[in-house]
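Structure record follows, encoded as structure tokens.
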Amino acid sequence: MSASAICDGLTTLLGAASAFGADCNSHYGVLESSSGSAVVIQWIGLASLKDQFGRVTDERTWTMALDIFNKDTGDPVAVGNRNKACIDTVVACLESNDTIQGTCEWTRTIRASRPLPPDGIFEAGGATWFRITAEIDVVEWPNG
């Protein structure tokens with residue numbers, strides 16, 4: 001497998017979640033068309049380790065970044081509820097399918113954080129967005 005396969009698996013897995021739907025992609029263009037919540041998925045790290053000296057089996061750990069965005073709709077209660085719902089959706093999706101649709105052996109770690117206002121708020125695509133960042137470490141054995 002590869003970073004592309006894992007990104008595609010995450011896009012499919014999270015895109016099937018009702019909170020994100022089609023607004024789940026590997027580029028930030030989704031912010032221009034999203035009406036509520038969006039996720040941008042990219043790889044940000046790789047560690048490739050030999051299992052044992054002289055063996056052909058390697059272990060790769062990919063670190064994938066998930067930028068989760070919620071559009072400010074003018075209703076602070078609704079935005080706050082979506083912030084909670086979005087991270088719950090991401091965690092539930094990843095924990096229910098820890099091989100990310102067969103693109104890795106397992107999901108090792110899920111980390112997420114949300115900067116508090118004003119740091120986690122910005123303007124893009126003519127809208128105000130709240131941002132939650134998440135990282136996941138996934139393990140694959142590409143050589144067996």
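The values are calculated or read from the model by the stated rules, or taken from the named source; none is laboratory data. Being a predicted model, the structure only gives us computed values, none of them experimental. Note: ideal-geometry Cβ built from the backbone for every residue, glycine included; neighbour counts use all protein chains shown.
Of everything in region 60-107 that's of a type in the set (G, A, S) and within 15 Å of the chain's Cα centre (by Cα), which residue is nearest to A5 (Cα to Cα)?
That would be A65.
From the residues in region 43-55 that are surrounded by fewer than 16 Cβ atoms within 10 Å (Cβ to Cβ) and within 18 Å of S2 (Cβ to Cβ), which one is modelled with the lowest pLDDT? Before the answer, list the steps.
Step one: of region 43-55, the residues surrounded by fewer than 16 Cβ atoms within 10 Å (Cβ to Cβ) are 44-55.
Imposing the further condition that a residue be within 18 Å of S2 (Cβ to Cβ) reduces the set to 44-49.
Numbers: I44: 95, G45: 95, L46: 91, A47: 90, S48: 85, L49: 81.
Looking at the filtered set, the residue picked out is L49.
Applying the selection to region 114-142, what residues are at pLDDT 90 or above and within 25 Å of T103 (Cβ to Cβ)?
Those that are at pLDDT 90 or above and within 25 Å of T103 (Cβ to Cβ): I132, T133, A134, E135, I136, D137, V138, V139.
Conditions first: (1) of a type outside the set (D, E); (2) in contact with a Leu (Cβ under 6 Å, 6 or more places away or on another chain); (3) surrounded by fewer than 20 Cβ atoms within 10 Å (Cβ to Cβ). F20 passes all but one, so which condition is the exception?
(3)
Exactly one of these conditions fails for V139: (1) surrounded by fewer than 14 Cβ atoms within 10 Å (Cβ to Cβ); (2) more than 16 Å from C24 (Cβ to Cβ). Give me its number.
Only one criterion in (1) surrounded by fewer than 14 Cβ atoms within 10 Å (Cβ to Cβ); (2) more than 16 Å from C24 (Cβ to Cβ) is unmet by V139, namely (1).
Scan (1) without any contact (Cβ under 8 Å) to a residue 60 or more places away in the chain; (2) touching a helix residue (DSSP H, G or I) at 6+ places or on another chain (Cβ under 9 Å); (3) surrounded by 15 or more Cβ atoms within 10 Å (Cβ to Cβ); (4) not acidic (D, E) for the single condition I87 breaks and write down its number.
Among (1) without any contact (Cβ under 8 Å) to a residue 60 or more places away in the chain; (2) touching a helix residue (DSSP H, G or I) at 6+ places or on another chain (Cβ under 9 Å); (3) surrounded by 15 or more Cβ atoms within 10 Å (Cβ to Cβ); (4) not acidic (D, E), I87 violates only (2).
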